[in-house]
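Below: one structure, written as structure tokens.
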Amino acid sequence: MSNDAAFFRQQATIQRTAAGEATLNNVREQCERAAASWEVMASRAERTEKLRADREAKVQHAAVIAAE
């Protein structure tokens, strides 16, 4: 998932750059909205990765306890 988050953040950066280069207001606003959406997706991917890692750690801990 970290690759997903990195990809999403890269796309947000691309959209912010495009917004900065846009000469039309509607194009600039569209790029800014796209950048915000990519950032939300990156945050969700990071949250999902953390939750998955926490869940896996609990399973491993339970396996160690059960083996003792």
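Observations, loosely collected:
- Being of a type outside the set (Ser, Thr, Tyr), in contact with an Asp or Glu (Cβ under 6 Å, 6 or more places away or on another chain) and closer than 30 Å to Thr13 by Cβ is a condition met by at least one residue of the stretch 41-53.
- Of all residues assigned to the stretch 46-56, at least one qualifies as being surrounded by 14 or more Cβ atoms within 10 Å (Cβ to Cβ), free of Cβ contacts under 8 Å to residues at least 60 places away in the same chain and not β-branched (Val, Ile, Thr).
- Once the stretch 1-37 is narrowed to residues that are touching a residue at least 12 places away in the same chain (Cβ under 8 Å) and among the charged types (D, E, K, R), the residue that is most open to solvent (accessible area, probe 1.4 Å) is Arg16.
- Matching residues, the stretch 1-38, being part of a helix (DSSP H, G or I), hydrophobic (A, V, I, L, M, F, W, C) and within 24 Å of Glu49 (Cα to Cα): Ala5, Ala6, Phe7, Phe8, Ala12, Ile14, Ala34, Ala35, Ala36, Trp38
The values are calculated or read from the model by the stated rules, or taken from the named source; none is laboratory data. Since we're looking at a predicted model, the values are computed, not measured. For neighbour counting, all protein chains shown are included, and Cβ atoms are generated from backbone atoms with ideal geometry for every residue, glycine included. All accessible areas refer to the heavy atoms of the entire protein, side chains included, with ligands and DNA or RNA removed. Shrake-Rupley method; radii C 1.70, N 1.55, O 1.52, S 1.80 Å.
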